[in-house]
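So the structure is just underneath, and the comments pick up after that.
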Amino acid sequence: MEGLLSEQNREWRARARQVAESVVRPLAAKYDRLQEYPWEIQKAIAQAGLFRVWIPEEYGGAGGDRTLNLCIVVEELSRACGGVGVLFAVNALGSFPIIIGGSEEQKRKWLPKIAAGETLAAFCLSEKGSGSDAVSMRCRARASGDAYVIDGEKKWTTNGSAAQLYTVFAVSDPQSKSRRISGLLVEKGAPGFTFKKTEDKMGIRCVPVVECHFRGVRVPKENVLGGEPGYGFRHAMGTLDYARPGVAAQAVGLAQGALELALVYAGQRKQFGQRIIDFQAVQFMLADMATKVEAARQLVYTAARAADRKLDNLTRLSAMCKVFATDVAMEVTTNAVQLFGGYGFMRDYPIEKYMRDAKITQIYEGTNQVQRVVISRALMKEATLLSDMLEKYVPKEVQYVLAEEGLPAEVAAAYSVPATKE
Ligand SMILES: Cc1cc2nc3c(=O)[nH]c(=O)nc-3n(C[C@H](O)[C@H](O)[C@H](O)COP(=O)(O)OP(=O)(O)OC[C@H]3O[C@@H](n4cnc5c(N)ncnc54)[C@H](O)[C@@H]3O)c2cc1C
């Protein structure tokens, strides 16, 4: 679908593909085995200028369709290695809070270094007891003179220990309902800030995922995101709206990469005197895989374009592309393993890694179940726009039953009719 992309989009694709094919693909198996951060790959990505892609031009970034270009780059890197895809994309996750909610000073201080690939960033929201229900976090940030003091733990910080900058979300006002949480920018090496458990993972093994511990960590008040406490949850959720197309792009890249390997293999492997690609059952599998990958890609690009144009329906589109693309990645990578037969199950060959790397995309940055909750909530809101159809299209007896029983307040609100039941 090259023809649907702008010249700028295609330039980013070519630049990312060059790094992916010459540096990432040859090293993917090695770092998957070692489960170590691949600094040589990070350096190649920085040298190619890819870290500039999502940063605004005025802070050393590239400008243009920043989210779409980010997705294109993540897709290309993930096509060669899903771990490297997230190793790259997680820096966008860690820096979106600054782009969305940071003060001018914070933007000037951090974004140029991130764009240059000199500073790596991480995002600390999840805790042992709070994943999907992030608002129930326990990590605390209390004001003390000209600083905030952070105490608590964060679980599963991707890029943790490799990154220099951590956007940490903590409860700064436990009494407040709407402004309980603040985002704080914490630097590696701050006294009391340590990395504990490094996880041993099923997939994306080249990027570290660690526990971050905070014991009386003092950060100056100017490190509160946006300079004002209490907006952390809003910044975290806004960040995820912008970042989810990136996870979805990781999924598209993984699915595309697995599809290509399956195509190559099916064109070579012979059984019953013919290539397995000549069996119609295999052709139909490949046709479905390719169709789903393309559908996922177009939904991801649409969500990314919505982010670049700051459209109102971003939350919904972003959740939709995340759910769809990551479910497609799991299905396509599993089918690719199937097409390799017994060889697909062996660690000697790269295809099984695609399936392992794909699984996490359905879990992090909001599980797919939670994304479906987000989408259905948006749909229920949109139902209000359809309320004029109620009388014409809802069977009369249903309307009578509703009228007799009375409508609960939330249903009435959805259809813009008066509530008749408390
Ligand atoms: C490898 C890895 C990297 C990660 N990186 C980061 C990172 O960099 N920063 C960060 O902050 N976090 C990170 N996370 C955390 C990740 O975002 C959470 O794991 C995820 O949000 C799910 O939270 P949980 O694991 O606590 O699962 P839970 O929230 O406990 O969910 C368990 C199950 O219940 C389901 N469930 C929960 N609530 C609902 C609901 N309302 N409706 C229906 N089903 C529901 C879930 O879908 C899931 O299937 C990472 C996690 C992993 C594994």
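Here Q371 clears all of (1) out of contact with any helix residue (DSSP H, G or I) (no Cβ under 9 Å at 6 or more places or on another chain); (2) within 15 Å of the ligand (Cβ to nearest atom) except the condition numbered (1).
Counting only residues that are polar (S, T, N, Q) and outside any helix (DSSP H, G or I), region 41-66 holds 0 of them.
Determine, yes or no, whether F272 is modelled with pLDDT of 95 or more and at positive phi. The answer is yes for F272.
How many residues does region 201-240 hold that are in a loop (DSSP other than H, G, I, E, B) and within 11 Å of the ligand (Cβ to nearest atom)? Total satisfying the criteria: 7. All conditions but one from (1) within 14 Å of the ligand (Cβ to nearest atom); (2) crowded, with 21+ Cβ neighbours inside 10 Å; (3) not in a helix (DSSP H, G or I) apply to Q250; the one that does not is (3).
None of G183, G131 is within 29 Å of Q35 (Cβ to Cβ) and within 15 Å of the ligand (Cβ to nearest atom) except G131.
For every residue, the table says whether it meets (1) crowded, with 24+ Cβ neighbours inside 10 Å; (2) among the hydroxyl-bearing types (S, T, Y).
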position	(1), (2)
E40	no, no
A44	no, no
V53	yes, no
D65	no, no
L68	yes, no
V90	yes, no
S103	no, yes
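For region 253-291, the tally of residues that are surrounded by fewer than 21 Cβ atoms within 10 Å (Cβ to Cβ) and either among the small types (G, A, S) or in contact with an Asp or Glu (Cβ under 8 Å, 6 or more places away or on another chain) (or both) stands at 6.
For region 51-79, a residue qualifies if it is under 23 Å from T157 (Cα atoms) and either more than 16 Å from the ligand (Cβ to nearest atom) or in contact with a Leu (Cβ under 7 Å, 6 or more places away or on another chain) (or both), and the qualifying residues are F51, R52, V53, W54, I55, T67, L70, C71, V73, E75, L77, S78. Name the single residue, out of those in region 135-175 being within 12 Å of the ligand (Cβ to nearest atom) and among the basic types (K, R), that is surrounded by the most Cβ atoms within 10 Å (Cβ to Cβ). The extreme case among them is K154.
Within the span defined as region 309-322, one or more residues are of a type in the set (A, V, I, L, M) and crowded, with 23+ Cβ neighbours inside 10 Å.
Does any residue of region 374-397 turn out to be within 15 Å of the ligand (Cβ to nearest atom) and polar (S, T, N, Q)? Yes, because at least one residue in region 374-397 is within 15 Å of the ligand (Cβ to nearest atom) and polar (S, T, N, Q).
Taken over region 242-273, the residue count meeting the criterion of being within 19 Å of the chain's Cα centre (by Cα) and hydroxyl-bearing (S, T, Y) is 1.
The values are calculated or read from the model by the stated rules, or taken from the named source; none is laboratory data. Keep in mind that this is a model prediction, so the values were computed, not measured. Virtual Cβ from ideal backbone geometry, glycine too; neighbours counted across all protein chains shown.
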